[in-house]
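Please treat every number below as a calculation from the coordinates, not as lab data. In this text, all values refer to a predicted model and were calculated from it rather than measured experimentally. Positions of Cβ are generated from backbone atoms using ideal geometry, with glycine treated the same way; all protein chains shown enter the neighbour counts.
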Amino acid sequence: MKLSAITLCLLLATSHQLFAQKSPQPYGTVDKADLLLNNCSFDPNAGAMVLFDVGMANCYVDPNSYSYDNFVTSDFEHHVRIKILSDKGLNKANVKIPYYAGNNIEDIKNMSAQTFNLDAAGNIVITKLGSDQVFRNKINNRYSEVVFVFPNVKVGSVIEYKYKKVAKSLHALDKWYFQEDIPVKYSSYVIDYPNILDISVINKRTTGLVTKEKASDLRTIKMYTLENIKALRDEPFMTCKDDYLFQVDPVVLAVVTPGECRSMLKTWKQVITMLMEDEDFGLQLKKNIPRTSDLELLLSGPGDPYKKMNIIYDYVKQNMQWDQKDGLWALNGVRAAWKDKKGNAGEINLILVNLLKDAGLEAYPMLVSTRDNGRVQTSVASIEQFNKVMAYVTIGDRHYVLDGTSSNTPVNMIPYGVSYTEGLVIGNIDKADWGWKYLWNEEQQFNDDILLYADIDEAGNINGEATITSKEYARLTKMSHLQKGKRAYQQRLESDNSGYTVDSLVMENEKTDSLPLVQHFKYQGKTNTSGAYNYFSINQFSGIEKNPFVEDERFSDIFLWIQPAIPHFGPYQHPRRLCV
């Protein structure tokens, strides 16, 4: 749709800011008190803290555009200052700034960084980051990142950096996180936009947020500020940090011009249509993947659809090497990945879908968000919420979710990373073969059976044998640890069970994913003694040897999806009194 001359005049009149967001301190100026600071008053155990984090998103009208689809541009100015409090905070000196480089949609400009220290005389010394110390890495055909390491960083340093992200359309208008994995003293986010945009800002989990708004006839500025925010660290049985971080998320609802209101919200049907026309996704499903002679031979026998699915799934897992990169896109093409026997998650799983369809099975790609990527807001149609594609297969009244990058997951189990989530099946929008699917199966559990035999002598020394039978998701978890080797697995048993040594580890059914993983080993330890009693925990070797819920405060919900292990005890020889 073309814009009218009157509308264009109005838009051009709105291309300036009312005022600009200011940092608590100008770039390059630091208080000596910050350099002398040695702890965070509201989060004392932190290794580093954000002194301030200030961002400003600006939306402008493009006078050279005559289309509603791209008449607005945006940029994002970011200024961050961090205090290093201990050795465990030194990793904050390593910075990566990702951006969408495909089709030159985004770019990072005006990059600057420096380190502040005190010398022996108490003078402030500034070490600037050189331009030759800033690197641009291409992640894939769509994303790149700016990477640098602060110079001369040590405990006590203050580091700061700033940059400007410029973007086509509204790509620079993104969600803002007030909370991080280190405490934040001050965080502020400003959105400055012309009034022709109807923008809703969704407040997620943020208490104590201070909101200010200023408007003229032409523009609106919204400012969101939060102070003294404790870090969100990994909490036991958390699904995903992103779901619990304090944040605001701006959503452009519509463009409102004289006599017209045009919605800017996409529907899921529009998203699917776009995906199916994308060279790196939908068009890859139309590529002919030639069967290899050995796969052709394997499929020549069975006519049963389930057996065909299982053969193809196992073949892809065994013959395709995953490069450890998730994603939706076959960036190098499915044919090239099939020829090289290597690819990212998008390439491998689109190959899987192609082969399944070629075998006559009802198979579709399915977009998913793994638990470490966060839950999908199904009310907001956006592919940016997903981080992986998998295969969705229907045979009769049964449905299967297959991930060719998950080498230990059997064909009949939902991959662990997406269990208890929702996936979007990508099919023909004119038929009923697309839409949301709930990915869980109540029959599939995390199940460990533990059998312990032990002798306890008069001195309280324990010598015993253990057999752990791991089924379903417990098996998958154990297999992921076992991939690092039996010695590493044995060391993990010892580290998880302090005070015990383990030897003579023997595994059964490692290669047969339809059977439980059985682990036999011997163990030695010593009971705790209190007066006339010797005692030890019955939770040994269960995965929950220690109480994980010891913190006074918790930010996240508890995702405790486990069938408790019930240890079975054999006879004790020469027992003293046993307290459990």
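Could you derive backbone 3J(HN,Hα) for the range 294-305 from the dihedral phi with the Karplus parameters 6.51, -1.76 and 1.60 (θ = phi - 60°), listing whole Hz in sequence and x where the residue is Gly or Pro?
6, 5, 4, 5, 4, 8, 6, x, x, x, 6, x
Collect residues whose amide H, placed 1.01 Å from N in the peptide plane, falls under 5 Å from the amide H of residue 247; neighbours closer than 5 in sequence don't count.
Those qualifying (amide H under 5 Å, at least 5 residues apart or on another chain) are 178, 204, 206.
How do 178, 150 line up, fewest other C-beta atoms within 10 Å first?
So the residues, fewest neighbours to most, are 150, 178.
If each residue's Cβ is checked for other Cβ atoms within 10 Å, how do 418, 368, 146 rank with the fewest at the top?
Going from least to most buried by this count: 146, 418, 368.
What are the extents of the Cα atoms of the range 269-439 along their three principal axes, in Å, largest first?
Per principal axis, max minus min of the Cα coordinates gives 46, 35, 32 Å.
With the radius of gyration and the Kirkwood radius both derived from the Cα set of the range 360-412, what is their ratio Rg to Rh?
1.01
Could you work out the mean projected area of the convex hull around the alpha carbons of the chain, in square nanometres to one decimal?
Mean projected area for the chain: 33.9 nm², to one decimal.
List the pair-distance distribution P(r) of the range 446-579, using every Cα-Cα distance, as the percent of pairs falling in each 5 Å bin from 0 up to the bin containing the longest distance, rounded to whole percents.
Final binned percentages: 2, 9, 18, 21, 18, 14, 10, 6, 2, 0.
Give me the base-10 log of I(q)/I(0) for the range 5-263 at each q in 0.14 Å⁻¹, Debye formula, one uniform scatterer per Cα, rounded to two decimals.
-1.04
Kindly put 219, 492 in sequence by how many other C-beta atoms sit within 10 Å of each C-beta, fewest to most.
Listing 219, 492 from fewest to most nearby Cβ atoms yields 492, 219.
Taking 20 Å as the cut-off for C-alpha to C-alpha distance, list the pairs among 138/341; 307/437; 317/511; 88/154; 325/437 that go past it.
Flagged as over cut-off: 138/341; 307/437; 325/437.
Between the range 448-484 and the range 164-233, how many Å separate their Cα centres?
About 50 Å separates the Cα centre of the range 448-484 from the one of the range 164-233.
In what sequence, highest mean first, do 262-268, 428-434, 43-49 appear when ranked by Cβ atoms within 10 angstrom?
43-49, 262-268, 428-434
Would you calculate, for the chain, the mean residue ellipticity at 222 nm contributed by helices, counting each DSSP H stretch of 4 or more residues as -39,500 (n - 2.57) and dividing by all residues, to the nearest 500?
Calculated from helices alone, the mean residue ellipticity at 222 nm is -4500 deg cm²/dmol.
By per-residue mean of other Cβ atoms within 10 Å, what is the highest-first order of 407-413, 289-295, 520-526?
407-413, 520-526, 289-295
Provide Rg and Dmax in Å for the range 208-336, with only Cα atoms included in the calculation.
Computed over the Cα atoms of the range 208-336, radius of gyration and Dmax are 24.9, 74 Å.
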